Amino acid sequence: MKQIKIFCPATIANLSCGFDVLGVCLDNVGDEMIIAKTEEKGVRIKAIIGADLPLEVEKNVAGVAALALIEKLQPDFGFEITIYKNIKAGSGIGSSAASSAGAVYGINALCGSPLSNKELIYYAMQGEALASGAPHADNVAPALLGGFAFIHSYEPLNIVHIDAPEELYATVIHPQIELKTKDARSVLKQTVTLKQAIKQCGNLGGLICGLYTSDYELIGNSLHDEFVEPKRSLLIPNYAQLKQAAYDAGALGGGISGAGPSVFALSRGKEAAEKVAQAMREVVKDADYECDIHVSPINSQGIKVLP
Ligand code: ADP
């Protein structure tokens, strides 16, 4: 194999009660990448189409993740990466993660797949460290594994893959306002009360049980966030209205996607998810900023090889 073309999916991290420990993979929102072997060793970013992002290897998450994996695999050839960007950077649906995960997936494949997708998570996380300052896994893990990914621990790295219930759909609205991850982090309180912690534990447990047993009601009743939403939602225009509209249209529940400004809702079935999209669209119809709205099944596979 001389080159590989892949679909690199968008992901929703946090999922309300799963702050920093849970993410899910989307199916029809994502970037494409072509990774080609070169005689010259090392890695080069040949082109980025659709976004203004740095081509310098050390400044692009794809380059940083690629270098981390090359250091491990020591191939006697190199790689040239082309990124077709559809996921806007800073949207809160794992734009950097799609590139980090895609780079390591492609390079591993061109080396004969010595590592499993689970083993690749660590290398993709090194790219994430460039984007957000910390090597977090809650976007790259679902991008590489598909379905839901639960981060049980970072040291040692232990990630549990959870299949999504079949009828689960996501609706995501991305209001195109600038919300820096740094600002989204800085509004967070550094302490929580015991009462809040107990509620959050109950909801996270409920969500995981609901996913394993396809209990849609339990999934919906668990999508609450004690830690982050009360503060972070204030940075997202029309947040309360968007969430209420989603509930009124029949969503199981919803919240902030990643660090925002995207807002997600989960629904049972495509029709319900589309109604939610329509209701969200109605909320922002007079807004003075653009919005992208996506309706997607859960991607059970993660990154996909394209013809
Ligand atoms: P999101 O909010 O969608 O998760 P991220 O916070 O993951 O977005 O990443 C966006 C940041 O990462 C931006 O500062 C962007 O410049 C930087 N970045 C570097 N390389 C890439 C890349 N290949 N794709 C997307 N973002 C990148």
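Readers should treat all values here as calculations from the given coordinates under stated rules, not as data from a laboratory. The structure presented is a predicted model; accordingly, all values stated were derived computationally and were not measured. In this analysis, Cβ positions are derived from the backbone assuming ideal geometry, glycine residues included, and neighbour counts consider all displayed protein chains.
Points worth noting:
- Degrees separating the helix 270-283 axis from the principal Cα axis of the chain, which is the longest one: 70 degrees
- Here the Debye sum runs over all C-alpha atoms of segment 157-284 as equal scatterers in vacuum, and log10 of I(q)/I(0) at q = 0.15, 0.16, 0.19, 0.21 Å⁻¹ comes out as -0.76, -0.86, -1.15, -1.29.
- Nearest-ten-degree value, helix 117-132 long axis tilted from longest Cα axis of the chain: 80 degrees
- Neighbours of His152 by Cβ distance under 13 Å: Lys/Arg scored +1, Asp/Glu scored -1, total -2.
- The fewest-to-most ranking of Ile256, Ile219 by surrounding Cβ atoms within 10 Å reads Ile219, Ile256.
- Sequence of His161, His152, His136, His174 once ranked by neighbouring C-beta atoms within 10 Å, starting from the fewest: His152, His161, His136, His174
- Restricting the chymotrypsin sites (Phe, Trp or Tyr not before Pro) of segment 1-81 to loop positions (DSSP other than H, G, I, E, B) with no more than 15 neighbouring Cβ atoms within 10 Å leaves Phe77.
- With q set to 0.09, 0.18, 0.20 Å⁻¹, the log10 of I(q)/I(0) for segment 16-129, from the Debye formula over equal scatterers at the Cα positions, is -0.22, -0.87, -1.06.
- Within a Gaussian network of the chain (alpha carbon springs, distance under 10 Å), most fluctuating of Ala47, Ala13, Ala277: Ala47
- Length-normalised contact order for the chain - Cα pairs under 8 Å, 6+ apart - percent: 24 percent
- Relative contact order of segment 1-148, pairs being alpha-carbon contacts under 8 Å that are 6 or more residues apart, as %: 31 percent
- Ordering of 91-97, 163-169, 263-269 by burial proxy (mean other Cβ atoms within 10 Å per residue, highest first): 91-97, 263-269, 163-169
- Electrostatic dipole magnitude of the chain [Cβ: Lys, Arg +1; Asp, Glu -1; Cα centre; debye, to 20]: 280 debye
- For a straight C-alpha distance cut-off of 29 angstrom, the lysines reachable from Lys189 (same-chain residues fewer than eight places away being disregarded) are Lys88, Lys180, Lys199, Lys231, Lys243.
- Taking the Cα centre of segment 239-298 as origin and assigning +1 to Lys and Arg Cβ atoms and -1 to Asp and Glu Cβ atoms, the resulting dipole is close to 280 debye.
- Distant-in-sequence amide H partners of Gly90 (H built 1.01 Å from N, under 5 Å): Ser95, Ser96
- Scanning residues 5 or more positions from Ala10 or on other chains, those with amide H under 5 Å from its amide H are Leu26, Val29, Gly30, Asp31, with H placed 1.01 Å from N in the peptide plane.
- Two-decimal log10 I(q)/I(0) for the chain, as the Debye equation yields it once each C-alpha is a single scatterer, q = 0.09, 0.13 Å⁻¹: -0.41, -0.86
- Under 5 Å, built H, 5+ apart or other chain: amide partners of Lys304: Phe7
- For segment 172-215, the list of trypsin sites (Lys or Arg not before Pro) that fall in a loop by DSSP and count at most 13 other C-beta atoms within 10 angstrom reads Lys180, Lys189.
- Around Pro230: net Lys/Arg minus Asp/Glu count, Cβ-Cβ under 14 Å: +3
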